[in-house]
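The values are calculated or read from the model by the stated rules, or taken from the named source; none is laboratory data. Only a predicted model underlies this, so the values are computations on that prediction, with no experimental measurement involved. When we count neighbours, we look across all protein chains shown, and the Cβ atoms used for this are built from the backbone with ideal geometry, even at glycine.
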Amino acid sequence: MIKIENMDAIRILRMDNAGENKFTMEFIEAFNQALDQVENDQSAGAIVITGSHEKFFSTGLDLSWLMNAPKEKWLPFFLAMDSLLLRVFTFPKPAVAAINGHAFAGGLFLALCADYRVMREDRGFCCMPEIDLGIELPPGTVALISYVMGKRNAEKLSLFAARLSAREALEMNAVDEIVKSEEVLPRAIAMAKLLAAKNPKTFAQHKLAQRRAAARVMREDDPAFLRSVMQPKS
């Protein structure tokens, strides 16, 4: 589900889960295994996250899978998904998202966890449809998108649930750069190499220092929120 390709010091993590790279527990476990491998590899300087299918980066939660899973597995799944986002957000090595197609909901949140985002300009949307689906937002998700996009842009993304084109995503700070489709991965790799050239220890410290407040909300507030939402009301 996650293919790792080596390119000098860069590790390309290609998501390959039935095209749309939707989140299931198996997908999350595979992603964590890939991150374990990279984190323990001293020759790995940075990661680039992208999709294997030209149309999709990731469309987020696999609702079909969730609806067919026993309800007692829902809370562990959402906790695991939240934990994965936090891990990518605070990953000690540089992380660049090469957004090769649609990035919806959890897929967009994953991209926002990266240090830099490159998106193709000709195809694909960024969208956060949770409000139209009646899904409540964990406080950590709010902190994440507010940290990356600014409070007003985060609010607009959440309340309107609009599908943002690449140009609109750039204007709202959801992505850092838009390029032609064939240039997405090369540009993301170039940015990963630039960041990998920094002092690794200092880079990790600066990154954590910048993200400490949002990471604290994700780490400390989300579990209680998810338990309150998932557990049946008495």
Quick check: anything in the range 172-180 loosely packed, with under 12 Cβ neighbours inside 10 Å and within 26 Å of Asp122 (Cα to Cα)? yes
Just one listed residue, out of Ala174, Ala190, Ala214, Ala209, is within 19 Å of the chain's Cα centre (by Cα), part of a helix (DSSP H, G or I) and either hydrophobic (A, V, I, L, M, F, W, C) or within 18 Å of Ser146 (Cβ to Cβ) (or both), and it is Ala214
For the range 204-222, check the following and say yes or no: at least one residue is at pLDDT 95 or above, touching a strand residue (DSSP E or B) at 6+ places or on another chain (Cβ under 6 Å), surrounded by fewer than 16 Cβ atoms within 10 Å (Cβ to Cβ) and not aromatic (Phe, Trp, Tyr). no
Which count do you get for residues in the range 187-234 that are in contact with a Gly (Cβ under 9 Å, 6 or more places away or on another chain), touching a residue at least 24 places away in the same chain (Cβ under 8 Å) and either of a type in the set (Phe, Trp, Tyr) or under 11 Å from Gly140 (Cα atoms) (or both)? 8
Within the range 83-135, the residues that are touching a Cys at 6+ places or on another chain (Cβ under 6 Å), free of Cβ contacts under 8 Å to residues at least 60 places away in the same chain and under 21 Å from Leu195 (Cβ atoms) are Val88, Ala103
Working only within the range 114-126, note down all residues that are surrounded by fewer than 24 Cβ atoms within 10 Å (Cβ to Cβ) and under 24 Å from Ala204 (Cα atoms). Asp115, Tyr116
Quick one: would you say Gln37 is farther than 15 Å from Ser58 by Cβ, touching a Lys or Arg at 6+ places or on another chain (Cβ under 9 Å), surrounded by fewer than 20 Cβ atoms within 10 Å (Cβ to Cβ) and modelled with pLDDT of 95 or more? yes
